[in-house]
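Take a look at the structure below.
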Number of protein chains: 2
Amino acid sequence: MKSETDNDNTTVAKTIADQTYQHIRRDIISGALPPGTKLAMEMLTKRYDVGLSPLREALVKLTGDALAVAEGQRGFWVSQISLDELQDTMNTRLLIETQALSLAIEKGGPEWERAVNQAYEELSSLEDHLKESDAATFTRWESANRRFHEALVSACGSKWLIRLRSMLHYHSERYRMISLAEASVERDVHDEHEAIVEAVLGRKTLRACRLTELHLQRTTDVVRAALERRDEELLSKHKKRSRAGKSRS
Amino acid sequence: MKSETDNDNTTVAKTIADQTYQHIRRDIISGALPPGTKLAMEMLTKRYDVGLSPLREALVKLTGDALAVAEGQRGFWVSQISLDELQDTMNTRLLIETQALSLAIEKGGPEWERAVNQAYEELSSLEDHLKESDAATFTRWESANRRFHEALVSACGSKWLIRLRSMLHYHSERYRMISLAEASVERDVHDEHEAIVEAVLGRKTLRACRLTELHLQRTTDVVRAALERRDEELLSKHKKRSRAGKSRS
DNA sequence: ATTCGAAATTATTTCGAAAATCGCATTGAC
DNA sequence: GTCAATGCGATTTTCGAAATAATTTCGAAT
């Protein structure tokens, strides 16, 4: 189902099942398929223009990533989001990412330093145009951001840490994208990244971990604020509808 | 594809795909399907008496668990084992399990203590009969052991830690089962478990984590020894075959 | 009016055959 | 003799239809 050995994302997908998997994953993370959406077979076969077999394989793989949930004989849904799960996701990602980062700093050689620098440069160059804030640009920034964090831990020597970090990163992205619909954030992520690179290449393990913690904590705070606002809005909408007698459940 | 919400293993599987998934997983972990085995479609449809669709879904799910690997248009294989991956698996599991355990000790209430005690009792009662060392008994012990470790972390409040721990636990089990074919180990796991329970219920977080580390470290050592012996044997066998001119690669 | 149960409808899941792709061997050219 | 191109057999992947399970609807009875 995967193109190369097993690992990740940007590699070209060889089978329809895998293309569809990547496609649906993009749509879940971008919010085009919002949390809780029923992933009905007929709708999806039309939307992605694929048959049932590759579609189902894609959905099964997404449940493995916890981006979708399945209930036997009842189908698939986009997995829900919540403040609790946001906190859980970010806490777990912090645990894994700091561990991976420490190992990478300890083990990384010159070609790792090059990779970190390169990923950082590419990310930086994208951040200049980021003020335009259209969805496509932001998606490309997310992609560069992912590669940056991947590069940082790439020398950790642990397939598990890399794999699990990647998994949690996708969930972080979904939260960020969804919260983005709420309010475009004015935060200087660039400076945070710069500081991390400096600490990492200076082999200051503790400092790099502290900065990473701060980085993830700030992301969490921003997303949480947006999420709380969203919840309030949804709640008040629901109230209005209820009073109008059009609630359907 | 799953019976209840999404989570785990012992729940009854509602679909053929899910039954097959659990069945193949058992066989991979037990070593009935050894590392590196080609998971050919025809062979598997006969072996498990299922059609292609549920079989492929099962295999896709197994690649999500990293128990199998897929290569587009070339099929599926049981994932390889190695000394490096053993170390990686156990290190990562340690990181996650100690974190989960700390949180559980901090947050766990009376019903968690009961669950821990019960799981411990069930495991202990099984350990009495364990000397017989037939495969079925050992599999039931593995199952009880899994429930014990699950109970310990069940109150940690983190779905991610529970999920990832479970994933890594299955890999540990596979290593242990495979190394078991090499040499039935004389180790008193019982005492180690007892000490952990005591520390956990006494809310001694640091001590519980230290004991867990020791517990996993001992397991790693035993498995590594068996694995090294196995590698030597395979190597010498290969040499012999080569000399006999019957090597096939 | 409300609840219970059986048919009808809708959706998911599975099967069996067709299509696409890969690995290998054979052939032909330089 | 080596190497590239081509065709064949084997295998994976995908499609479309049948089977199976869940949900809704409708009617009858309390």
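The values are calculated or read from the model by the stated rules, or taken from the named source; none is laboratory data. Small disclaimer: the values here were computed from a predicted structure and weren't measured. Methodologically, a virtual Cβ is constructed for each residue, glycine included, from the backbone with ideal geometry; neighbour enumeration extends over all protein chains shown. Surface areas here come from the heavy atoms of the whole protein model, side chains and all, with no ligands, DNA or RNA. Shrake-Rupley method; radii C 1.70, N 1.55, O 1.52, S 1.80 Å.
Hey, could you check segment A:49-79 for residues that are open to solvent by less than 40 Å² (accessible area, probe 1.4 Å) and among the acidic types (Asp, Glu) and say which is farthest from DNA strand D (Cβ to nearest atom)? Of everything passing the filter in segment A:49-79, A:65 is farthest from DNA strand D (Cβ to nearest atom).
What number of residues within segment A:38-71 are within 10 Å of chain B (Cβ to nearest Cβ) and of a type in the set (Asp, Glu)? Here the count works out to 3. Examine segment A:141-149 for a residue that is free of Cβ contacts under 8 Å to residues at least 60 places away in the same chain, within 14 Å of chain B (Cβ to nearest Cβ) and among the aromatic types (Phe, Trp, Tyr), and state whether such a residue exists. For segment A:141-149, residues free of Cβ contacts under 8 Å to residues at least 60 places away in the same chain, within 14 Å of chain B (Cβ to nearest Cβ) and among the aromatic types (Phe, Trp, Tyr): absent. Can you confirm whether segment A:101-108 contains a residue that is out of contact with any helix residue (DSSP H, G or I) (no Cβ under 6 Å at 6 or more places or on another chain) and either surrounded by fewer than 17 Cβ atoms within 10 Å (Cβ to Cβ) or more than 27 Å from residue A:159 (Cα to Cα) (or both)? Looking for residues that are out of contact with any helix residue (DSSP H, G or I) (no Cβ under 6 Å at 6 or more places or on another chain) and either surrounded by fewer than 17 Cβ atoms within 10 Å (Cβ to Cβ) or more than 27 Å from residue A:159 (Cα to Cα) (or both), one finds at least one in segment A:101-108, hence yes. If the condition is being within 11 Å of DNA strand C (Cβ to nearest atom), free of Cβ contacts under 8 Å to residues at least 40 places away in the same chain, of a type in the set (A, V, I, L, M, F, W, C) and touching a strand residue (DSSP E or B) at 6+ places or on another chain (Cβ under 6 Å), then segment A:38-85 contributes A:39, A:59, A:70, A:76.
Residues in segment A:177-194 that are surrounded by fewer than 19 Cβ atoms within 10 Å (Cβ to Cβ) and out of contact with any Gly (no Cβ under 8 Å at 6 or more places or on another chain): A:182, A:183, A:184, A:185, A:186, A:187, A:188, A:189, A:190, A:191, A:192, A:194. Taken over segment A:131-178, the criterion of being part of a helix (DSSP H, G or I), among the aliphatic types (A, V, I, L, M) and under 15 Å from residue A:104 (Cβ atoms) is satisfied by A:151, A:152, A:153, A:161, A:162, A:164.
Checking the structure you have, find out if any residue of segment A:203-215 is at pLDDT 95 or above, in a loop (DSSP other than H, G, I, E, B) and not assigned by TED's automatic domain parsing to the domain that holds residue A:35. Looking through segment A:203-215, at least one residue is at pLDDT 95 or above, in a loop (DSSP other than H, G, I, E, B) and not assigned by TED's automatic domain parsing to the domain that holds residue A:35.
Residue A:46 passes every criterion in (1) open to solvent by less than 30 Å² (accessible area, probe 1.4 Å); (2) of a type outside the set (Ser, Thr, Tyr); (3) within 16 Å of DNA strand D (Cβ to nearest atom) apart from (1). When the test is whether a residue is in contact (Cβ under 8 Å) with a residue 24 or more places away in the chain, open to solvent by 40 Å² or more (accessible area, probe 1.4 Å) and either assigned by TED's automatic domain parsing to the domain that holds residue B:160 or away from DNA strand C (no atom under 15 Å from the Cβ) (or both), residue B:30 passes it.
For the structure I just gave you, tell me whether residue A:15 is surrounded by 17 or more Cβ atoms within 10 Å (Cβ to Cβ) and of a type in the set (Ser, Thr, Tyr). Criteria met by residue A:15. Filter segment B:1-27 for residues that are within 11 Å of DNA strand C (Cβ to nearest atom) and modelled with pLDDT of 95 or more; which is farthest from the other protein chains (Cβ to nearest Cβ)? Residue satisfying both the conditions and the ranking: B:20. Assess whether residue B:164 counts as being within 14 Å of another protein chain (Cβ to nearest Cβ), crowded, with 17+ Cβ neighbours inside 10 Å and in contact (Cβ under 8 Å) with a residue 60 or more places away in the chain. Judged against the criteria, residue B:164 is a match.
Can you tell me which of (1) of a type in the set (A, V, I, L, M, F, W, C); (2) within 18 Å of the chain's Cα centre (by Cα); (3) under 28 Å from residue B:95 (Cβ atoms) is the one residue A:155 doesn't meet? Among (1) of a type in the set (A, V, I, L, M, F, W, C); (2) within 18 Å of the chain's Cα centre (by Cα); (3) under 28 Å from residue B:95 (Cβ atoms), the lone unmet condition for residue A:155 is (2).
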